[in-house]
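One structure below.
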Amino acid sequence: MIDLGFIKERDAKAELAEIAAELKQKYSLETLWRPHQVHSDTIFVDGEGEGDGIIITKPSIALIRTADCVPVVLFDETADIAGVFHSGWRGTELKIVSKGLAKMKDFGCKNISAVIFPAIGFCCFEIGKELLERFADAGIPTEKRGEKYYADLKTAIKNELKNGGVTDISDRSECTFCGEGYFSYRKNKTEKRHATFVAVK
Ligand SMILES: [Zn+2]
């Protein structure tokens, strides 16, 4: 059985231990992995360390934290394998989601579904002009509005998923910057985060 979710932390860092304990209790699981996130394309399998994605092939929980970056969960209910990925613009440029997808296929996943949780949207993700070429090279759509430039990470990730053969893509992603009640690092340098998790029972 696979379950997944998105939790808004009530306080900053200190609360994560509580969330972890609650999730372990809820699913009667002893193991919760979470990476030390560094905007990389490093993915761990049934483990954790400095990286931005975790794939679980054994009963356990994997969790990442975000406030604007795109949290993506991939899961295959037939294979009982799932992964959670932190894809900010650097992770999207490095195609961490495609890399996670390929790894899951290596483990025998054939029916992978994807869920994209709240992150900063095309409406609000302003970027510097100096990044335009890098974003174009990475397949991340951009647009000029007035004198400003904006980028669309979620569409880039959806395109990665489609190119990887994923047809079941659920976009639950409201914008964390202009949406009501989310945490946005861009907006106010908050220390609060959203926790996105997936559990394999
Ligand atoms: Zn917005």
>> With the requirement that a residue be touching a residue at least 40 places away in the same chain (Cβ under 8 Å) and either of a type outside the set (D, E, K, R) or surrounded by 16 or more Cβ atoms within 10 Å (Cβ to Cβ) (or both), what does region 4-27 give you?
In response: 4, 5, 6, 7, 9, 12, 16, 19, 20, 23, 27
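Residue by residue, here is whether (1) without any contact (Cβ under 8 Å) to a residue 40 or more places away in the chain; (2) touching a strand residue (DSSP E or B) at 6+ places or on another chain (Cβ under 8 Å); (3) surrounded by 21 or more Cβ atoms within 10 Å (Cβ to Cβ) holds:
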position: 47; (1), (2), (3): yes, yes, no
position: 56; (1), (2), (3): no, yes, yes
position: 59; (1), (2), (3): no, yes, no
position: 62; (1), (2), (3): no, yes, yes
position: 68; (1), (2), (3): no, yes, yes
position: 74; (1), (2), (3): no, yes, yes
position: 89; (1), (2), (3): no, yes, yes
>> Just to be sure before I move on: is residue 146 out of contact with any strand residue (DSSP E or B) (no Cβ under 6 Å at 6 or more places or on another chain), surrounded by 13 or more Cβ atoms within 10 Å (Cβ to Cβ), without any contact (Cβ under 8 Å) to a residue 24 or more places away in the chain and small (Gly, Ala, Ser) in the structure I sent?
In response: no
>> Looking only at region 81-132, how many residues end up being within 16 Å of the ligand (Cβ to nearest atom) and of a type in the set (Asp, Glu)?
In response: 1
> Which numbered condition trips up residue 197, out of (1) out of contact with any helix residue (DSSP H, G or I) (no Cβ under 9 Å at 6 or more places or on another chain); (2) over 20 Å from residue 92 (Cβ atoms)?
Replying inline: (1)
> Name the strands (runs of 3 or more DSSP E) wholly within region 133-199 that hold at least 1 residues that are away from the ligand (no atom under 16 Å from the Cβ) and of a type in the set (D, E, K, R)?
Replying inline: 142-145, 168-171
> Cβ-Cβ below 9 Å, separation at least six or inter-chain, first residue in region 123-137 and within 26 Å of residue 174 (Cβ to Cβ) and among the small types (Gly, Ala, Ser), second within 16 Å of the ligand (Cβ to nearest atom) and not in a helix (DSSP H, G or I): which pairs?
Replying inline: 128/149
> Residues in region 66-107 that are charged (D, E, K, R) and either touching a helix residue (DSSP H, G or I) at 6+ places or on another chain (Cβ under 7 Å) or at pLDDT below 95 (or both): how many?
Replying inline: 4
> Checking residue 14 against (1) in contact with a strand residue (DSSP E or B) (Cβ under 8 Å, 6 or more places away or on another chain); (2) outside any strand (DSSP E or B); (3) modelled with pLDDT under 95, which test does it fail?
Replying inline: (1)
> Which is within 25 Å of residue 65 (Cβ to Cβ) and surrounded by 16 or more Cβ atoms within 10 Å (Cβ to Cβ), of 187, 154?
Replying inline: 154
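The values are calculated or read from the model by the stated rules, or taken from the named source; none is laboratory data. The model shown is predicted, which means the values in this text are computed figures rather than measured ones. Note: ideal-geometry Cβ built from the backbone for every residue, glycine included; neighbour counts use all protein chains shown.
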